[in-house]
Amino acid sequence: MTYIAKPKLHHPGLPTNALGFTRRDYEGRISTLCAGCGHDSISAALIQACFELDIEPHRVAKLSGIGCSSKTPDYFLGQSHGFNSVHGRMPSVLTGANLANRELIYLGVSGDGDSASIGLGQFAHCMRRGVNMVYICENNGVYGLTKGQFSATADKGSKAKGGAVNTDSPIDLVSLALLMGASFVARSFSGDKKQLVPLIKAAIAHRGSAVLDVISPCVTFNNHAGSTKSFDFVRDHNEAVNKLDFVPAKKEITVDYEPGTSEVVRQHDGSFIKLAKLHPDYDPSNRVAALTYLQEREAAGEVVTGLLYIDPDTQDLHEHLGTVDAPLNRMTEDDLCPGVDMLETINAEYR
Amino acid sequence: MINWQSNVFPGVLGRTCDRPCEPACRRGRVEDEPVAICRLKRVAADSKDDISDRLPKPAAQKNGKRIALIGAGPASLTVARDLLPLGYTCVIYDADPFAGGMMRTQIPKFRLPERVLDEECGYILGLEPETRFGQKVESLKAILAENYDAVFVGCGAPRGRDLDIPGRKEAAEHIHIGIDWLASVSFGHTTKIGKRVVVLGGGNTAMDCCRTSRRLGGEKVDVVVRSGFAEMKASPWEKEDAMHEDIPIHNFLVPLEFVHEGGKLTGITFEKVKAEYDAKGRRKLVPAGEPPVHMACDDVLVAVGQENAFPWIERDSGVEFDEWNMPKVDPVTLQSTHPKVFFGGDAAFGPKNIIWAVAHGHEAALSIDLHCNGKDVTVRPSPLVNILSQKMGIHEWSYDNDVSLDLRFKVPHAPKELTLKDVNMEVELGFNRELAFKEAQRCLNCDIETVFEKNLCIECDACVDICPMDCITFTPNAAENDLRGMLIAPAKNLTQDLYVSPELKTGNIMVKDEDVCLHCGLCAERCPTGAWDMKKFYLETAKAHACSR
Amino acid sequence: MQPISATNDFVVKFANVNGSGSASANELFARSVLRMGVPVASRNIFPSNIQGLPTWYEVRISGDGWLGRRGGVDLMVAMNPQTWDKDVAEIEKGGYLLYDSTKPIPASKFRKDLTLLPVPLTEICNRAYSDPRQRQLFKNIIYVGALAFVLDMDLSAVKWLIAEQFENKKKLIAPNLQALDFGYDYAKEHLKGVCGLKIRHADKVGDRIFIGGNDAAGLGAVYGGATVCAWYPITPSTSLAESFTKHCERLRVDPVTKKNKFAVVQAEDEIAAIGMVLGANWNGARAFTATSGPGISLMQELFGFSYYAEIPAVVFDIQRGGPSTGMPTRTQQSDLMLAAYAGHGDTKHVLLFPEDPRESFEFAATAFDLAERLQTLVLVMMDLDIGMNDWLCKPLAWNKERKYDRGKVMTADELEAGKEFGRYLDVDGDAIPYRTLPGTHPSKGVYFTRGSSHDRYARYSEDGGVYVEVMQRLLQKFETAKSLVPKPVLHKAKEPAKFGALYFGSTSAAMDEALAALESHGLHIDALRVRAFPFSEEVVEFINAHEQVFVVEQNRDAQLQKMIVNECAIDPARFISILHYDGTPVTARFIINAISERMKLGKAREAAE
């Protein structure tokens, strides 16, 4: 880590977005993670994605649990409210926040310890409910803050830095998310921003639970030979099923694509995702096929990345609940209190 | 001492330099203003303790070589400073009775107090040169005849350019040549000027003239310049200081005539001009077609430039002159066509400034030393270079890497009410130590290099993410022009080389555009494998003297 | 043995089998008594089971208006063979036993002192209905009809209620009325003049309503402006969330868009429920959850977060018998210490103690004001007795002028005007800082919420001094809370008293009766009903003004008393604990006995008997 603040000085040619912000305006405090941590790359990708989407930082709420990954919301979007909750409980806190104000963008940041162990239940249930959020799991297969124990996503047979071999079966968050009804499921790699940034942008534009499982090597405890979450291993075994190009809604451009080699998904907010098919048979609109494919490739020792599943027409929790369009947190006595006369009526009913 | 070794007159230059270093300062690439290098040199000079025991002593043993130095200005004094400790005998000639040359005669004392100049000249005079002050050199041949092993001409550009327009001769009593008038003020001969003064010219001399006028009774002082404000030769801060002293600057006015009543100057008329640019972008001043402007005044100071003048160098002395009547001088060795005669300062290539004179002095001294030892003056010794890692701890460096975000600090001035009353009272108070420290912290540590070791890199992107200036890119390799466009922040400054690594494991290369690097070291702090290191680069140009070795 | 003779002052208890449909019939009986202007206090005593286990319903008819359990049974409606022996044994000497006489019961199963009220219920049913399910349901209505006759009730009152009850299912009215008549007519023919218990029309009910605490609290949350309810089912709190939902569906649906101005989420567990409550409150919506002891145990980590990060939250704890799973369907006041100090590290929470459904309604709304004003967790400490039983209480009240106190929330305009914002900065001297809601202002007022140690500006800090400063301010904020929470209520004895009594919550009904009884026998006790934690100055002053203070609680460990000893630094020797914790609501008899025994004055005991 480093302790001096990243200087505010920036490249004189740094571009600005539609709001007049530079990418630097989306940064947060200086990271306190280890030097080279994959999580910092994910933060950088988030910064880039929010910048490119012209998001007003204060319209984002970023929530997390406990762990290395969950520290990161402090390190991006310094003008967004952040909530570093308790271990494994980010999904519920985020669900509540989302219920209170459906207009903000909700970024949930978690890790494999936070999501796949203590928080597995909440991970599953927020998918089931279709909470409109981006759920990023910064997945390094290891407990960093407690110094290198295996996490529940560590592959069977993978070796710890000290030589111990993991004998437990891994939890695949991507498969679980698919089973639990998440409507946007993707996997990426912290070392591949070209893939990660468009995925984050598409996930933010997606209405519903968007899950991004991002393999993020722990340079301190899990980047050695024998680890299956190391830079080298992931680079050697990465099988991207598609290549993403995200086109925001406000850009009025015609998307041309060649059927068969690429396809276009139109999202609820009018944005497009243009997918170049790297595996011609892969169909990201088929949940069952996606699960099957994931299992097959996993058995073959590959790490499948890309946009694995998307249902652009899904409904989110607010639609399930039929809540009003205006945020609940803006309601006043006039909206909420039935008044004295009604109470008289009610009293009479209890006599 | 570092300050003194290379620039010889830190106290003087720290007040008067026109700062060619500051435009080069890389701070100016990331925000509007560079580090106040000049004024920091002044603080260093002003704040030092007694340094006499660190100074070179007069040579214990003379080497028998004798060098004549014509003029006691900064160039000659530098040659003396470099050569005296080596045992040379230096004989300094000057028409004035003191050392310092134009530093003494042309720079007003409210900018450069006499004690500072005396002190710094004194360090050189303390090395015991022979001085022939008050003795005007009339003939180079005569000097050469004295059998010197070498002659260094550092006599400056002593002639102020005149303005030959109607009325010049008639009204001559109240029309003064700027540099002569300044010298006269400096030596106390002139102590007064009329209430209404017009200064003609847009250079630093004009600024000194107008400000001096304000102190000698000039109540309404105007500066009139042919060109536009931006193109004026005067340093921006000199213009600012003049305007601060309630001196208006009038631009695009070409003097037509000195108006007088029977030889008594009453004013000047000017023609209004405007700038036009031809297809090649060259500027031309053309009449604006408006009626002439008249300015009433009591005195005029003409500061429209200076010229070299070598009436004392016989054209058959062996020193050849070019078509502009300037001596032919090798720009590197400073040797003239006469192997024993070297030039430096304004005398070599026309009016420049003190720091160039010093630089010439160093190079000329080196040439003279080579020449006297029978060596080829064109074979210049290499500079001393050194590069050393600065890493101390996990995020600790042996240099200050925490980049200050402060904007350039202003140098405090003495109150105008006081300074305008006293021509000898220094206007600038200088930074105090606290301010100076803060200003110095704005330095972006150009001496620190980011050094990349490709074998250690795991391509984790940590350096890319942390770099505040987007200097670093990992990309497939390409030809330089294409590569420049492929960077995260495309490189605009084409004079800045790209730092490129060999191919890495993934086939990408690391490219660093050094242009706006802050040397904050965050890339190296963030690097998990130590592929980046911050190394300090030290360069010392070769000099004749050996006082620091 | 003389059969008991009483008018408008006796206890009827129904012994039933869970899931047999008896509950609505029994409630019909209780409400019918109310319709005659006679106060009742009814209590469900039920198992943690859906079908087949014993359940009881106890109705105290009290012309004097005592609403606590009295203790003892004057008339047992014994419908459960499984508990027959125990039920018969429980009847007061000279009491009555109404039972299904279809099957012959050996004489040994009866008591000689009892007056029997046999009704061949099964036989009547079998004769009238062919569907077994109908037989079982109407059997309950038939015994209500029989009771109406033997107790000399106004049959028309019962019939009116049936008509009201089935207003929306009109075709059920006639069969129910018919069943009622079966019972009434049978009793009229066979049981004339055998029962000395009578119900006479009175005018003692007034405008009071008959409502359950969970129902009232759910409605209170609606009135109090709650928009988010996240909950996980647990007895005895479930009906609170259901009540909120029910009332919202009626009162909070936009008439035009038909969209909901509320959100109810059934969470995956109590931890998720409180997580959602914190998230919603952090984001500016009034949100709550309802739970019971085990849920409180699970929520502790996030309770601590609420306290330390200063996020408002409202939790209803409908207390049941602990420890562990304990007695899920029995009442207790045994979560006090748990709730007050829930969470690791130095943590305290604001507790409110409503005495009945009416106060549950009021405190529900107040809790949201307090939570937002104090930016902390507020627990409304109800119990099963209040929550799941219908209570006769004063009508629910709401002040037309009442505005929600949304606490210190800095607005975009204030930020824009340059008002200094520090999330944990005490600018007003009351130790309550300002907060901002996410999305308020583009460049000002942003902060990072965390459960780790932080400074005044919400920045992470491990500096001991910084940490202590925040912890001290939280203590000071608790002092501020003392002046904001509901004040205790004083019942002054008619004569100066050396003895005092402290009590709280559902003990109130039995306590009122006990104090009146003791007073009528010359035992003067001042009493103070504590309504909130932290304890206000009045509590300390009250204790200091009495030589000995009884503390009446429905738990084993004298939790309120211990908290007072700790928080107010009072000598424990001043207190005498009166503790009732068998899972049934405390009775006036129990309190009278315990106090009079302690006061060594036998007269009081006589009074009770």
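Points worth noting:
- Among A:HIS320, B:HIS174, sorting on how many other beta-carbon atoms sit within 10 Å of each Cβ, with the fewest leading, yields A:HIS320, B:HIS174.
- The ratio of the alpha-carbon radius of gyration of the range A:193-351 to the globular-protein estimate 2.2 N^0.38 Å is 1.54.
- 20 Å Cα-Cα reach of C:LYS394 towards lysines, excluding residues that sit fewer than 8 places from it in its own chain: C:LYS204, C:LYS487
- Model label zone, A:ALA326; criterion: amide N under 17 Å from point 7 Å along Cα-to-beta-carbon; scope the range C:197-228: C:225-228
- In plain terms, if you count all Cα to Cα distances in the range B:1-64 and split them into 10 Å steps from zero, the share in each step is 19, 38, 25, 13, 4, 1 percent.
- Histogram of C-alpha separations across the range C:412-484, 5 Å bin width, %: 3, 16, 23, 22, 17, 13, 4, 0
- Where both bridge residues fall in the range C:489-608, DSSP classifies roughly 20% of the beta bridges as antiparallel.
- The H on the amide N of A:SER262, modeled in the peptide plane, is under 5 Å from the matching H of A:LYS277, each at least 5 residues off or on a different chain.
- Of the GluC sites (Glu not before Pro) in the range B:474-528, the ones in a loop by DSSP (not H, G, I, E or B) with at most 14 other beta carbons within 10 Å are B:GLU503.
- Mean projected area (nm²) of the alpha-carbon convex hull when the range B:160-305 is viewed from all directions: 8.8
- Residue-by-residue Karplus 3J(HN,Hα) for the range C:202-215, coefficients 6.51, -1.76, 1.60, Hz, glycine and proline x: 9, 10, 9, 9, x, 8, 5, 10, 10, 8, x, x, 5, 4
- Per-residue Cβ neighbour rank within 10 angstrom, fewest leading, C:SER5, C:SER108, A:SER70: C:SER108, C:SER5, A:SER70
- Separation of the range A:90-120 from the range C:75-100 is 56 Å, based on Cα centroids.
- Fraction of the pair-distance distribution of the range B:51-97 above 17 Å, Cα-Cα pairs, percent: 37
- Most to least packed among C:508-516, B:1-9, B:50-58, B:399-407 [average Cβ atoms within 10 Å]: C:508-516, B:1-9, B:399-407, B:50-58
- Pairs from the table (C:LYS408/C:LYS492; B:LYS57/B:LYS375; B:LYS512/B:LYS543; B:LYS48/B:LYS192) lying more than 32 angstrom apart at Cα are C:LYS408/C:LYS492; B:LYS512/B:LYS543; B:LYS48/B:LYS192.
- The range A:23-329, Rg to Rh (Cα coordinates; Rh as Kirkwood inverse mean 1/r): 0.94
- Expressed per residue, the C-alpha convex hull volume of the range B:162-209 stands at 88 Å³.
- Each peptide in A:78-90, C:44-56 gets a packing score, the mean of other Cβ atoms within 10 Å over its residues, and the list from highest to lowest is A:78-90, C:44-56.
- Kirkwood radius and radius of gyration were both taken over the C-alpha atoms of the range C:170-253, and their ratio Rg/Rh is 1.20.
- Per-residue mean of foreign Cβ neighbours for B:454-466 is 6 (Cβ atoms of other chains, 10 Å radius).
- Here's the list of aspartates and glutamates a cross-link from C:LYS13 could span, going by alpha-carbon distance under 12 Å and ignoring same-chain residues fewer than 8 apart: C:GLU27, C:GLU58, C:ASP74, C:ASP87, C:GLU90, C:GLU92.
- Under 5 Å from the amide H of C:THR102 lie the amide H atoms of C:LEU121, C:THR122, C:GLU123, each residue being 5 or more positions distant or on a separate chain, with H modelled from the backbone and absent for Pro and chain starts.
- Cβ-based exposure ranking for C:LEU302, B:LEU456, in which fewest neighbours within 10 Å come first: B:LEU456, C:LEU302
- Its Cα gyration tensor gives chain C an equivalent ellipsoid. The semi-axes, each the square root of 5 times an eigenvalue, are 48, 29, 19 Å from largest down.
- Beta bridges per DSSP, both residues in the protein assembly as shown: antiparallel share near 45 percent.
- Our coupling estimate for the range B:58-70, obtained by passing each phi through the Karplus curve with A = 6.51, B = -1.76, C = 1.60 and θ = phi - 60°, is x, 4, 5, 10, 7, 8, x, 8, 10, 10, 9, 10, 9 Hz, Gly and Pro reported as x.
- Hull volume per residue, based on the alpha-carbon atoms of the range B:268-416 and their convex hull, is 350 Å³.
- Surface/4 estimate of mean projected area, convex hull on alpha-carbon atoms of chain B, nm²: 29.9
- Here is the P(r) of the protein assembly as shown: all C-alpha pair distances, binned every 10 Å from 0, give 1, 7, 11, 13, 12, 11, 10, 10, 8, 5, 4, 3, 3, 2, 1, 0, 0 in whole percents.
- Rg over Rh for the range C:211-393 works out to 0.95, both radii taken from alpha-carbon positions and Rh defined as the Kirkwood radius.
- Other protein chain C-beta atoms within 10 Å of residue C-beta, averaged over A:220-226: 1.
- Springs between Cα atoms under 10 Å define the GNM used for chain A, and in it the highest mean-square fluctuation of A:HIS58, A:HIS237, A:HIS11 occurs at A:HIS11.
- A Förster distance of 41 Å, applied to the separation of the beta-carbon atoms of C:THR7 and C:GLU547, puts the FRET efficiency at 0.50.
- Of all DSSP beta bridges confined to chain B, the antiparallel ones make up roughly 60%.
- Stokes-Einstein D for the range C:6-198, Kirkwood Rh over Cα pairs, 25 °C, 0.890 mPa s (µm²/s): 147
- Geometric descriptor of the range C:489-608, per residue, is 92 Å³ (volume of the convex hull of the Cα atoms).
- Amide H to amide H, with H built 1.01 Å from N, B:VAL221 comes under 5 Å of B:VAL197, counting only residues 5 or more places away or on other chains.
- The range A:49-89 and the range C:452-523: distance between their alpha carbon centers, rounded to Å: 39
- Partner lysines for C:LYS159 [C-alpha distance under 20 Å; skip if fewer than 8 residues away on the same chain]: C:LYS139, C:LYS169, C:LYS170, C:LYS171, C:LYS188, C:LYS198
- Applying the Karplus relation 6.51 cos²θ - 1.76 cosθ + 1.60 with θ = phi - 60° to the range B:321-326 yields 3J(HN,Hα) values of 10, 9, 5, 8, 6, 10 Hz, where x marks Gly and Pro.
We did not get these values from a lab; they are worked out from the coordinates using the rules stated. Nothing here was measured: the structure is a model prediction, and the numbers come from that model. All Cβ positions, even for glycine, are placed from backbone atoms using ideal geometry, and neighbour counts span all protein chains on display.
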